[in-house]
């Protein structure tokens, strides 16, 4: 059995990079794997959150995933905090993982910045929670981008350490499921920076809630250079903004960059940007419309997430019960 686990934080305003880099691939994976997709609200509180906004963002992300093609009847879709085995296994893994392993995690260094001593313990140790998210279901594959490979390696290290501790191959060593084209969509304002929800400029990203006018405006105002598009991919070297827009077009059209440049090589951005905007509107507007429909019925979204949580719990509880037995805990989990 091949089982996928992946999660997304409920920080609202999922953008084009999230869609092309992850969500679209998750939709396709439903045809090949048993898929578990999680809105990771426990991870979200590693930094301060407004409770009402966290609730709303959890629903919005669930709506985004469903509108993009995640089928809750085919896959399991839920929010992490509703399955207590995630947190329980994370504590066991806190007692397995080594400080040296966590000290090597580059994302903590980036997020904590110069104020490292003020960072929460949760922010520091969230890679062990990420490992528990995956292993509490004995997932065999995890879709990863470049920025998550290190965390998957840590998950494998933790699984191996636990297996050595109990003297059996209890947890699988999950394999990376490498995502396809356009796994790194860059900012529309800076082709050297990844498209991000945290960027101060709303014009740096296209969100899944943007309407057609907003998409057109953002792409027309996207940073470019004065040169026309090249006819060959090699001509995009040292032109990060041009490469980013061509990459986005190729991903949305399910083509390669060479094919896009064969059509637009020699033409300026005054021609290319409107074509890209129209393509983005064509692909994203149906998602936005369905998101809006789902968001208008929060009770339905809550029901979908609760049903998914029950399915996830049914998988996680017996695995966690076996962990408890192997660790030596007396009695059964209250969760």
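Each principal axis of the Cα atoms in region 129-201 has its own extent, and those three values, largest first, are 52, 24, 18 angstrom.
Of the two radii for region 11-124, the radius of gyration is 1.00 times the Kirkwood radius, both from the alpha carbons; that is the Rg over Rh value. Computed over the chain with a Gaussian network model linking Cα atoms closer than 10 Å, the most mobile of 95, 38, 82 is 95.
Radius of gyration over Kirkwood radius for region 1-78, both on Cα atoms: the Rg/Rh ratio is 0.98.
Note on residue 74 and residue 253: the model spin-label points, each 7 Å out from Cα along the C-beta direction, lie 2.7 nm apart. Estimated from helices alone, the mean residue ellipticity of the chain at 222 nm is -16000 deg cm²/dmol (sum of -39500 (n - 2.57) over DSSP H runs with n ≥ 4, per residue).
If you take the beta carbon distance between residue 107 and residue 201 as r and set R0 to 22 Å, what does 1/(1 + (r/R0)^6) give as a FRET efficiency, to the nearest 0.05? The computed FRET efficiency comes out at 0.45. For the peptides 309-316, 191-198, the ranking by packing is 309-316, 191-198, with the highest mean count of neighbouring Cβ atoms within 10 Å listed first.
Between residue 45 and residue 231, what FRET efficiency follows from the Cβ-Cβ distance if R0 is 51 Å, with the result rounded to 0.05? Don't skip to the end; give the middle numbers.
On the way: r = 50 Å, r/R0 = 0.98.
The value I calculate is 0.55.
Subtracting the Cα-Cα distance of residue 300 and residue 119 from 0.36 nm times their residue separation leaves 61.5 nm of extension gain. Computed over the alpha carbons of the chain, Rg followed by Dmax gives 21.2, 72 Å. Across all C-alpha atoms in region 236-335, the radius of gyration and Dmax reach 24.4, 72 Å. For region 202-293, the calculated P(r) over all alpha carbon pairs, in 5 Å bins from 0 to the bin holding the longest distance, is 2, 14, 26, 24, 17, 10, 5, 2, 0 percent. Comparing Cα centroids, region 74-108 and region 287-312 end up 25 angstrom apart.
Read-outs: derived from the displayed coordinates by stated rules, not from any lab. Quantities reported herein were computed from a predicted structural model and do not represent experimental measurements. Methodologically, a virtual Cβ is constructed for each residue, glycine included, from the backbone with ideal geometry; neighbour enumeration extends over all protein chains shown.
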